[in-house]
Amino acid sequence: TREHHKEDFTNAFLLKEIRGSSPISAIACCTFLDVLNDEKNGICVPTNVVDKELYFEEHLPLVRVFLLEGLSACLDESLSSDETKDMAEVIISTFRIPQLCLVFCQSHTLAPEAFDLLQNVVLPLPIETLGNMLLEDKSTLIALFGLVTGKNGHESNREYVNQKMALLLGNLAKAGLLPNAIERLDLRKHAIAALSAAILINGNEDSTIDDDEESLPRICIESLATILSNENDEIEMSELESRTMADAIGKSLSTTVLNRFFVQANLETTMESIDHSIDRAAISTSAEAKLLCSLAESPESLIILGNVGGLEAISLIAHEGIITAIRAIRKACEISPKSIIDVDAHLSIMDALIKIRHQQTVDSSRLAELREVAIHCIHTITVLVESDGTRSAIVEAEQSLECLNAAADIISACASFHCTVSTTEASDPVESQKEYAASGNGINVKSEGSPEMQSKKCSDEKAKVEEPEGDPITEVEIDDEAGVETTNGYTEKEKFETAPQETPWQEMLSKDDFSLEKTVFSLFRAFGRIQPHRDAMTKNEILILALKNLSQIDELPQIRLQTEALDLLATLSLFVGRSCQGSLSQGSLADLFSTVVESRTRALQITRDRHEQQALKNLLQLSVLGLHSSFCSLNADSKAKSMRVASDLFVYMADSLFKGSKSRRSMAQKADGVLFCNLATFFILSIGNDASRNLIITRRFLSSLIRFVLMTAGLSTVDCHIPTASSEGSEYWASALAHCLFCLSCTMNETSQEELGVSFKALIEGVQFAMKPNSFMLCMRYLSENNLAGSTAISARQIMSTLDHLSC
């Protein structure tokens with residue numbers, strides 16, 4: 001019988017009667033097993049066909065079973081003795097016992113004995129020793145993955161074998177040995193497939209993964225997360241891996257996370273007095289949560305997860321401020337904003353932003369992460385506000401206005417961080433300009449609207465000196481003590497208040513990276529379309545004062561912030577009524593815009609850097625728009641100042657192009673056209689008001705107006721022609737031309753000639769002195785005959801008719 005043969009084999013082969021023979025017997029078993037491995041040409045393989053069949057079906061399996069049992073007994077005995085323990089470990093390593101066990105565990109006839117040997121002798125070894133033996137070649141690791149997924153011959157106890165193999169894999173992963181081996185042996189795909197399949201062995205995709213650390217799904221999910229994690233403990237996977245895993249275990253992961261949060265919510269309702277934030281954080285940072293959020297990095301996987309409850313689960317994780325979940329919500333929002341509203345993910349995003357605002361202290365190591373969280377949260381809210389189908393959900397949310405306040409805090413902190421002005425005193429634009437001038441960078445542009453030039457004009461008229469009419473190019477003097485207009489500054493000091501001290505925003509700001517501030521300004525523009533939020537912005541004194549301070553930054557690196565601030569102020573100025581007082585009154589805003597125009601005109605005259613010029617022109621066109629919005633409600637002094645600085649800017653821009661080289665005119669850009677368009681539109685406002693109209697009825701300004709018309713009329717034979725028709729932004733140039741012609745046509749009359757002390761004909765001749773004769777009239781004829789826009793042609797005809805009558 002089998003037992004009789006086994007007893008004979010044990011007594012004879014294992015040297016039971018000889019003390020201390022266990023290592024020798026183990027070596028004998030290993031050697032015999034190694035001999036039997038050659039099943040093709042081995043010395044034990046019979047040559048007779050009948051004997052060979054009996055050998056493979058009965059004798060070989062039986063001998064191997066005896067050898068495995070004997071080897072298990074011998075090694076177990078050797079390992080239990082201090083004298084033979086080291087030798088036993090050498091035997092296990094030399095004869096590759098772990099690899100042998102993994103191979104035999106896949107055999108139906110040898111699996112029980114092979115597993116017993118593995119469990120009793122191999123698995124108790126130190127994990128580092130096991131790792132060195134099991135992870136040295138690809139075939140062994142593939143066999144181990146197969147055993148985890150149920151590919152073993154142990155029919156009676158297969159589930160237990162699976163669990164033990166998974167536990168072994170988990171221990172190797174925790175020790176950091178498995179990830180390195182998978183990368184070295186290029187078995188990442190096998191590992192993902194095996195562990196994903198093992199998670200669902202005892203259930204289905206609707207099953208949850210319990211918290212028992214010894215359960216097969218838990219071990220596999222933890223191992224999977226460890227294998228896919230990089231050195232920063234962040235899970236990384238390819239698009240294909242993500243899609244494969246989303247299909248395989250996406251629903252199981254989603255169900256598990258949702259169930260854990262549901263249980264936690266029930267617990268919190270019964271134990272309200274306890275702080276449960278640590279418990280929620282543990283769920284949010286669990287292996288299943290990390291894997292779920294990482295799967296959502298792929299758009300295709302995100303769609304799959306959205307159909308199995310994954311987006312709702314990620315929303316709950318995002319509520320805890322986990323950056324990977326918040327990034328996933330942002331991506332989902334870009335794909336389908338409505339999907340975010342359907343699972344209330346917008347509320348989680350808003351809560352995550354508000355939590356940052358209320359944090360008392362922040363670990364410096366988390367500042368970069370919190371900054372990214374804030375950027376993604378604000379961007380997502382902005383997208384939802386801009387979308388017609390989701391805007392109402394944001395507006396009606398309780399957190400909506402608090403998110404707006406958080407954004408205002410960021411801008412307030414930004415002003416405190418970036419501005420050179422004091423954070424405890426008023427930001428007085430005039431005082432800032434005095435400091436600017438005193439620094440030696442001032443440029444004194446003497447305009448006819450200034451008291452100095454008005455005085456000069458009066459003395460000139462008294463002298464009545466006859467001279468060829470015309471107007472020289474704007475006089476520009478670089479002066480260490482540049483004169484700066486101070487009569488229309490702020491009437492009272494405004495105290496600049498920083499963001500509340502308990503908010504961490506200022507610590508997150510950077511002098512080189514403005515992505516957070518830029519995102520906030522995008523949110524403000526979106527909220528500006530909603531009346532309650534727009535009203536809240538206009539009533540927020542801290543926000544308005546911060547915007548004013550940002551609007552006056554002198555440093556080039558921060559000019560983008562100044563542009564954003566001016567853009568927002570210019571937009572808000574459209575909704576400021578006459579009754580508004582304080583920092584957002586129309587007078588206060590107009591003074592700010594005038595000061596920016598004045599200072600940036602000087603800066604534009606100094607710089608030769610094209611990028612800086614482009615940025616300055618953007619600032620100027622926004623400031624002029626702001627002046628346009630508030631002009632009609634200003635007092636006479638404010639109107640005079642705004643019109644003076646605008647005309648100074650127009651004169652400089654037009655004259656520098658007119659007197660510049662042909663190449664300079666050919667390089668005129670869209671930004672120039674936009675700025676000229678805004679200025680010309682602003683000048684039209686002066687026509688209906690005598691006081692304002694007198695500010696532009698000057699030789700200097702009208703000469704520049706004529707120069708601009710000559711350059712932009714479109715007549716290529718004119719020496720100063722600017723080719724705007726085919727360039728980007730041609731519509732702005734055309735609009736500016738139409739407005740300038742309209743201004744000219746409205747000011748060309750006998751009264752204006754008397755005020756100027758010179759005829760319009762003489763003024764035009766002075767401008768075109770070095771050009772072809774009658775260049776201006778040729779341009780007017782060209783416009784009246786070829787321009788199809790209507791207003792331009794009509795204005796040109798009116799000018800020709802008026803000049804004809806005034807010459808009589």
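Give segment 381-422 a look and list any residue that's among the hydroxyl-bearing types (Ser, Thr, Tyr), part of a helix (DSSP H, G or I) and over 24 Å from Thr563 (Cβ atoms), or say none. So that I can check it myself, show each step before the final result.
In the first step, residues of segment 381-422 are kept if they are among the hydroxyl-bearing types (Ser, Thr, Tyr); the result is 382, 387, 390, 392, 400, 412, 416, 420, 422.
With the extra rule that they be part of a helix (DSSP H, G or I), the set shrinks to 382, 392, 400, 412, 416.
Once the filter is applied, which keeps residues that are among the hydroxyl-bearing types (Ser, Thr, Tyr), part of a helix (DSSP H, G or I) and over 24 Å from Thr563 (Cβ atoms), segment 381-422 yields Ser392, Ser400.
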- line: Within segment 529-555, residues being open to solvent by 10 Å² or more (accessible area, probe 1.4 Å), within 18 Å of Glu396 (Cβ to Cβ) and not polar (S, T, N, Q) number 6
statement: Among helices (runs of 4 or more DSSP H) entirely inside segment 1-63, those with 1 or more residues being modelled with pLDDT under 85 and surrounded by fewer than 14 Cβ atoms within 10 Å (Cβ to Cβ) are 2-13, 49-54
message: When you scan segment 660-671, do you find a residue that is open to solvent by 20 Å² or more (accessible area, probe 1.4 Å), within 22 Å of Glu564 (Cβ to Cβ) and out of contact with any Ser or Thr (no Cβ under 6 Å at 6 or more places or on another chain), even just one?
response: yes
task: Might you let me know whether segment 616-629 holds any residue that is open to solvent by 20 Å² or more (accessible area, probe 1.4 Å), more than 28 Å from Cys720 (Cα to Cα) and in contact with a Gly (Cβ under 8 Å, 6 or more places away or on another chain)?
output: no
field: Residue satisfying condition, being of a type in the set (Ser, Thr, Tyr), under 21 Å from Arg665 (Cβ atoms) and open to solvent by 60 Å² or more (accessible area, probe 1.4 Å), within set Thr751, Thr792, Thr724, Thr717
entry: Thr717
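Counting just the residues of segment 387-416 that are of a type in the set (A, V, I, L, M) and open to solvent by 30 Å² or more (accessible area, probe 1.4 Å), which one comes out nearest to Ser551 (Cα to Cα)?
Step one: of segment 387-416, the residues of a type in the set (A, V, I, L, M) are 393-395, 397, 401, 404, 406-408, 410-411, 413, 415.
Still in the list and also open to solvent by 30 Å² or more (accessible area, probe 1.4 Å): 395, 401.
Details: Val395: 28, Leu401: 24 Å.
Result: Leu401.
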field: Considering residues of segment 301-359 that are assigned to a helix (DSSP H, G or I), in contact (Cβ under 8 Å) with a residue 40 or more places away in the chain and among the acidic types (Asp, Glu) only, the residue least open to solvent (accessible area, probe 1.4 Å)
entry: Asp351
Of residues in segment 270-297 being modelled with pLDDT of 90 or more and among the hydroxyl-bearing types (Ser, Thr, Tyr), the one surrounded by the most Cβ atoms within 10 Å (Cβ to Cβ): Ser294
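How many of the residues in segment 657-692 are in a helix (DSSP H, G or I), small (Gly, Ala, Ser) and without any contact (Cβ under 8 Å) to a residue 12 or more places away in the chain? Full working, then the answer.
Kept after step one, since they are in a helix (DSSP H, G or I), are these residues of segment 657-692: 657-659, 662-666, 670-687, 690-692.
Restricting the remaining residues to those that are small (Gly, Ala, Ser) gives 663, 666, 671, 673, 680, 686, 691-692.
Within this subset, residues satisfying the condition of being without any contact (Cβ under 8 Å) to a residue 12 or more places away in the chain are 663.
Looking only at that region, the number is 1.
Considering only helices (runs of 4 or more DSSP H) fully contained in segment 748-808, which possess at least 1 residues that are within 21 Å of Met711 (Cβ to Cβ) and of a type outside the set (S, T, N, Q)?
In segment 748-808, 760-767, 775-786, 791-806 are the helices (runs of 4 or more DSSP H) which contain 1 or more residues that are within 21 Å of Met711 (Cβ to Cβ) and of a type outside the set (S, T, N, Q).
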message: Please go through segment 176-190 and give me each residue that is open to solvent by 50 Å² or more (accessible area, probe 1.4 Å) and outside any helix (DSSP H, G or I), ordered by number.
response: Asp186
message: List pairs: first residue in segment 238-259 and small (Gly, Ala, Ser), second residue surrounded by fewer than 24 Cβ atoms within 10 Å (Cβ to Cβ) and assigned to a helix (DSSP H, G or I) anywhere in the structure, Cβ distance under 7 angstrom, at least six positions apart or on different chains.
response: Ala246/Ile304; Ala248/Ser196; Gly250/Ile304
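Within segment 64-83, can you find the residues that are of a type outside the set (D, E, K, R) and in a helix (DSSP H, G or I)? Talk me through it step by step, then tell me what you get.
Applying the first criterion (of a type outside the set (D, E, K, R)) to segment 64-83 yields 65-68, 70-75, 78-81.
Hits for segment 64-83 are Val65, Phe66, Leu67, Leu68, Gly70, Leu71, Ser72, Ala73, Cys74, Leu75, Ser78, Leu79.
Determine if segment 53-68 includes at least one residue that is closer than 30 Å to Glu159 by Cα, of a type in the set (Phe, Trp, Tyr) and more than 60 Å from the chain's Cα centre (by Cα).
yes
Within segment 314-344, which residues are of a type in the set (Gly, Ala, Ser) and either modelled with pLDDT of 95 or more or closer than 25 Å to Met508 by Cα (or both)?
Those that are of a type in the set (Gly, Ala, Ser) and either modelled with pLDDT of 95 or more or closer than 25 Å to Met508 by Cα (or both): Ser315, Ala318, Gly321, Ala325, Ala328.
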query: Is it true that some residue in segment 114-134 is in contact with a Leu (Cβ under 9 Å, 6 or more places away or on another chain), buried (at least 21 other Cβ atoms within 10 Å of the Cβ), closer than 24 Å to Ser229 by Cβ and aliphatic (A, V, I, L, M)?
result: yes
field: Extreme residue, nearest to Asn180 (Cα to Cα), among residues of segment 217-264 that are open to solvent by 50 Å² or more (accessible area, probe 1.4 Å) and either among the small types (Gly, Ala, Ser) or not in a helix (DSSP H, G or I) (or both)
entry: Glu231
field: Unmet requirement for Lys772, which otherwise passes all of (1) touching a Leu at 6+ places or on another chain (Cβ under 9 Å); (2) modelled with pLDDT of 85 or more; (3) more than 22 Å from Leu679 (Cα to Cα); (4) surrounded by fewer than 18 Cβ atoms within 10 Å (Cβ to Cβ)
entry: (2)
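The values are calculated or read from the model by the stated rules, or taken from the named source; none is laboratory data. Since the model is a prediction, treat every value here as computed from it, not as a measurement. Here the Cβ is made from the backbone with ideal geometry for all residues, glycine too, and neighbour counts use every protein chain on show. In case anyone asks, the SASA skips ligands and DNA or RNA and just uses the protein heavy atoms, side chains included. Shrake-Rupley method; radii C 1.70, N 1.55, O 1.52, S 1.80 Å.
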